[in-house]
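Have a look at the structure below, then the notes.
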Amino acid sequence: MTHRLRYQSGIHPTIMLDDLAQFSVSFEGAAKRVRVLSHIRCKCTPCEIVTPIPGPTSNIQVDTVGNAPQVTAKWSYEDACDVVEFSVNVYDSSKNSLKSLQTPNKSVDIPDLPQCVNLTVGVQGRNALGLGLETKGSEFSILA
């Protein structure tokens, strides 16, 4: 069976998994011993990979208040992996990061944003094993 496994430092090339509790992989030229048992649930064949990093967020909503240069961003998170904090990034239409915040909550107030500029909010979860995938919401702008 072939699966892609995600490590803290990135996605390892495809690895063949059998019913082994541990296996050796070569990563960046060095062999590392990886204990897999806690990351695989086997009800029967095939095994299901349980990724220990946070899954994606969903339902990103951005609330503006008139022409105030701040917004409140809210999102949902339904993954089984715990999140220590969420990283929230604000991007302009050229995908430049304008602001970055961290919060343990599923919402955050984002102050000091530019007006009359198309913006997007991206959110990703983080735990001790790494960052999950960033999910981006719809484009919005603050009126002048």
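The values are calculated or read from the model by the stated rules, or taken from the named source; none is laboratory data. All figures in this text were calculated on a predicted structure; none of them were measured in a lab. Neighbour counts are summed over all protein chains in view; Cβ atoms, including those assigned to glycine, are modelled from backbone coordinates with ideal geometry.
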### Summary
The strands (runs of 3 or more DSSP E) lying wholly within the range 47-96 that contain at least 3 residues that are of a type in the set (A, V, I, L, M) and in contact with a strand residue (DSSP E or B) (Cβ under 7 Å, 6 or more places away or on another chain) are none
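Return the only residue of N96, N118 being assigned by TED's automatic domain parsing to the domain that holds T64, modelled with pLDDT of 95 or more, closer than 15 Å to D63 by Cα and surrounded by fewer than 14 Cβ atoms within 10 Å (Cβ to Cβ). Quick ask: steps written out before the conclusion?
Values: N96 fails: closer than 15 Å to D63 by Cα.
When all the criteria are applied, what remains is N118.
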### Task
Could you tell me whether any residue of the range 109-117 is over 30 Å from P52 (Cα atoms), assigned to a loop (DSSP other than H, G, I, E, B), out of contact with any Ser or Thr (no Cβ under 8 Å at 6 or more places or on another chain) and aliphatic (A, V, I, L, M)?
yes
### Single residue of P46, P52 found to be modelled with pLDDT under 85 and either among the charged types (D, E, K, R) or surrounded by 15 or more Cβ atoms within 10 Å (Cβ to Cβ) (or both)
P52
### Query
Pairs under 7 Å by beta carbon, first residue over 14 Å from N59 (Cα atoms) in the range 123-139, partner assigned to a loop (DSSP other than H, G, I, E, B) and acidic (D, E), six or more apart or different chains?
N127/D82
